[in-house]
Amino acid sequence: MRDLLKLMVLAACVLALNACGFQLRGSGTTLPADWQPLALQPNLPEHEVMDALHRQLTYGGVSQATRGDAKRRVKIEIEAMESRPLYLDAISRTAEIEYSQRSVLTVLDAASVVLHGPLELEVRRVVANDPDNPIGESSETDLVNREISEALARRILEQLSRWADKPRG
């Protein structure tokens with residue numbers, strides 16, 4: 001009886017974890033076979049977002065190809081990261097900064113016919129700033145930039161997965 005109770009509690013925990021949407025990194029965001037191989041066409045190929053996206057596609061087992069060999073091509077227009085002060089302290093120094101990064105996605109088939117998009121995706125982060133620590137601000141900016149790049153790459157892959165799941169229409 002006690003073993004059955006333990007098994008039921010374990011099953012309930014697994015179901016609750018699955019129901020909340022938790023997934024291991026790189027799992028759950030795959031693309032169907034008719035979307036593979038996939039070619040990425042970024043306006044900024046060396047951008048951190050592209051590095052993160054290539055990494056996440058590899059984790060998801062998505063095969064990537066050059067433009068000529070691909071069944072689907074994804075045009076990705078990455079805009080520069082923007083920052084703006086949100087809050088100033090008593091002596092007009094920046095106390096809170098909002099960072100944002102945008103990307104525009106368009107999916108084309110092998111014949112260059114637009115299948116989905118264009119769609120703009122955006123990721124924002126608000127960071128509390130210590131005006132008395134300028135060195136910390138620069139390292140914080142680098143950290144936020146990496147975090148936003150990873151988050152935007154996840155959003156791109158999630159959107160591609162949604163488009164792949166719904167029929168063209």
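The values are calculated or read from the model by the stated rules, or taken from the named source; none is laboratory data. Just so we're clear, the structure is a prediction, and the values are computed from it rather than from any experiment. Calculation scope for accessible area: heavy atoms of the full protein, side chains included, ligands and nucleic acids excluded. Shrake-Rupley method; radii C 1.70, N 1.55, O 1.52, S 1.80 Å.
Give the relative contact order (percent, whole number) for region 33-147; include only Cα pairs under 8 Å separated by 6+ residues.
Numbers: 200 pairs, mean separation 24.6, N = 115.
Rounded, it is 21 percent for region 33-147.
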For residue 71, go through the aspartates and glutamates and keep the ones whose alpha-carbon is under 17 Å away, minus same-chain ones fewer than eight residues off.
34, 109, 165
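With runs of 4+ DSSP H residues as the only contributors, calculate the mean residue ellipticity of the chain at 222 nm using -39,500 (n - 2.57) per run, divided by the residue total and rounded to the nearest 500. The partial results should precede the final answer.
Details: 3 runs with 62 residues, N = 169.
Mean residue ellipticity, 222 nm, calculated: -12500 deg cm²/dmol.
For the chain, which whole percent of the accessible surface, found with a 1.4 angstrom probe, sits on carbon and sulfur atoms? Walk me through the numbers on the way to the answer.
Working: 5720 of 10500 Å².
Within the chain, the accessible surface is 54 percent carbon and sulfur.
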Per residue solvent-accessible surface (Å²) - the chain, probe of 1.4 Å:
62 Å²
Correct option for Kirkwood radius over Cα pairs in Å [calculated from the coordinates] among (1) 15.5; (2) 18.6; (3) 24.8:
(2)
Return the sequence-ordered ³J(HN,Hα) values of region 86-98 in whole Hz as given by the Karplus equation 6.51 cos²θ - 1.76 cosθ + 1.60 applied to θ = phi - 60°, using x for Gly and Pro.
9, 8, 10, 7, 4, 10, 6, 9, 5, 10, 9, 10, 9
Which length gain, in nm to one decimal place, applies between residue 143 and residue 162 when the Cα-Cα distance is subtracted from 0.36 nm times their residue separation?
4.0 nm
